[in-house]
Structures are given as structure tokens and as C-alpha cells.
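Report on the structure given below.
Readers should treat all values here as calculations from the given coordinates under stated rules, not as data from a laboratory. Note that the structure is predicted; figures quoted are calculated from it, not measured. All Cβ positions, glycine included, derive from the backbone under ideal geometry; neighbour counts span all protein chains shown.
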Ligand SMILES: C[S@@+](CC[C@H](N)C(=O)[O-])C[C@H]1O[C@@H](n2cnc3c(N)ncnc32)[C@H](O)[C@@H]1O
């Protein structure tokens, strides 16, 4: 059987997160539970870990450990859960963003352009909008907007126009149909890169990923106590930019605002200031690690 997911930057992320073994931590993106299990190893009998995942297929990976709770929910609601469970302030939050290898390897989930399957892409199978709904119903301008914004696709306008023309009189239901329909827009020299960008844009829109990340960053500022850690691993530049701006300037636009003494008004100090990336050895073992960037903030 294929492994559910190989955790990326496992030791550096968990070492950066857990500074107090008696503390309360959150793993916002449980997945296969690799990071959670490593966190639990570092915790004492008093420590606690609450993990979140919106995909019900991840629930079977939950370790049987009385210090551990798994919440089947969007991490957007982390603050409400923690407050309700009287678990504030937190000592740290870890988020390993995006999708797991399991999600991408199962054709029926529709996350991979190399596998034929339904155009789904929902992390939570109960959420109302699929990638097919977007492809079949979004107006041309809105499609162009998401391809440009979330996929950073240079010919977003042409792509949106091709989709709107191609879907006339029929419904697009599968990844293969979408691939065929947009083949005239796909560059012959790097089709996989282009299709990954198209899929990235659709996935971000289907799952509201940027909005969820924004909520998580704001919740982290409210929930983590002084000296606590925020550790975020991201896999594309849009997410990394948002995290970097937030840690460095305290806002999502990256505009530095200083007080009368010249101090930047921000909830976390980025430590270190630069992103940490996997070494060559990790990338060789786990190709998925190649695009990972980890940023760490220490709550002021
Ligand atoms: C990269 S995987 C995490 C892998 C995990 N660190 C491990 O060691 O196995 C990301 C996981 O986060 C979940 N996820 C992504 N966005 C989420 C959100 N907004 N709320 C809850 N879970 C989310 C996905 O369903 C997926 O299982």
C-alpha cells in the first residue's frame, strides 16, 4: 500500500515548534499525522496536542494517545475551538499547507492532472463547490481572475475564453475533458508546469485556501502566548508571500509600520528572517519537498 504522506521538514519544524514539553500545541493540517506524531514524542505527560483536518480520509490516521485530539474541521475555526476547549493561550501552531500525497494520488479526488477522475478537488467532501462547478458556471471574467490571481497564469484571459467556448452545450466533468479542452492554451514545451498552475488556481478557489490561511495567521496572533511559536510550511509563492509579509510586517500587504521608537508593529518576530528550505538529501528522498519553504515566528 502507498504511504499516506511523507512529512516534509519534519525535524526542523517540530524542533522549532516545541520549546516547552508541558505546553499546548496545535497541528492545523494533520494529514497522515507525521508531524503530529513527532510533536507527541516531544511532549511530556502534561502536554497537549490538538490537530485539525477537513478531509475525513485523514481521520483514520489519528494516534491513540490521551494527550491528542483530532478535530475534523477547517483550521479557519481554530480560535473558536481552542477557546471553547479552554486551551488558550497556545504554545505553538504548526501548519503544513496544501494537500497530502494521499489526496493527490487518488484519481477520484480530482487533484492530479496526470490521473483521470472527476473534476472535484474538494479537501472536505461535504463542501458545496467542486472544480467542475467552477469550470461549468463561472463567468469568463471570474475565471480569468482566478487563473491570474491564484495560478499566476500569463495567458489567463485566453484560457478563460477557451473554457467558456468549449463548455457551450456540454458539461465538463473530468480532469481528462478539461485537459483536452484547454490543450490549445497549454505550451508544448512545458505542459505539466502549465497544467499544475491551472490546477493550483482551481484548488485554491474550490477550498478557499488563501482565505483560510489569512484567518489562521490572524488566529495565531490572538491564540499564541508570548514566546510561543508559529511554524508554517508552504508550497507555492502566494502562500509564502502572505506568511512572509505577516511575520515581517504584521500585515498581509507587507507594509512596514513603525511606532515612534522605530519598532515594527507586528505580533511575531521572524526567527530566522529568511525561509528555511529542505536540504538536497530530503529532496532526493521526497520530491514533494522541493518546493517547500518554512517560516517561523516567535510571539512578542
Ligand atoms: C500537506 S498535508 C499535511 C501533512 C501532515 N503534516 C503529515 O505529516 O502527514 C495538508 C493537510 O491539511 C489539510 N488541510 C489543508 N487545508 C486545510 C484547512 N483549511 N483546514 C483543515 N485542514 C486542511 C489537508 O486536507 C491535508 O490533509
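The value of relative contact order for segment 66-176, using C-alpha pairs under 8 Å at least six residues apart, is 21 percent. Between the Cα long axis of helix 156-166 and the first principal axis of the chain there is an angle of about 50°, rounded to the nearest 10. When only alpha carbons of the chain are considered, Rg and Dmax amount to 20.0, 64 Å. At R0 = 35 Å, how high is the FRET efficiency between residue 167 and residue 283 if r is their beta carbon distance? Nearest 0.05 is fine. Efficiency, from the Cβ-Cβ distance: 0.35.
Converting the Cα gyration tensor eigenvalues of segment 41-138 into ellipsoid dimensions via √(5λ) gives semi-axes, longest first, of 32, 16, 10 Å. Note on residue 116 and residue 59: the extension gain reaches 18.0 nm, defined as 0.36 nm multiplied by sequence separation minus the Cα-Cα distance.
In whole angstrom, how long is each semi-axis of the equivalent ellipsoid of segment 177-261, when you take the square root of 5 times every eigenvalue of its Cα gyration tensor and sort them from largest down?
Calculated on Cα positions only, the semi-axes equal 36, 14, 10 Å.
Subtracting the Cα-Cα distance of residue 108 and residue 11 from 0.36 nm times their residue separation leaves 31.7 nm of extension gain.
Give the residues of segment 220-252 whose amide nitrogen is closer than 17 Å to a point set 7 Å from the Cα of residue 190 in the direction of its Cβ. Residues passing the 17 Å test: 236-238.
When every Cα-Cα distance of segment 106-207 is counted in 10 angstrom steps from zero, the calculated P(r) takes the values 17, 55, 27, 1 percent. Once Rg and the Kirkwood radius are both taken over the C-alpha atoms of segment 82-149, their ratio Rg/Rh works out to 1.13. A helix-only calculation puts the chain at -11500 deg cm²/dmol for mean residue ellipticity at 222 nm, using -39500 (n - 2.57) for each DSSP H run of at least four residues, averaged over all residues.
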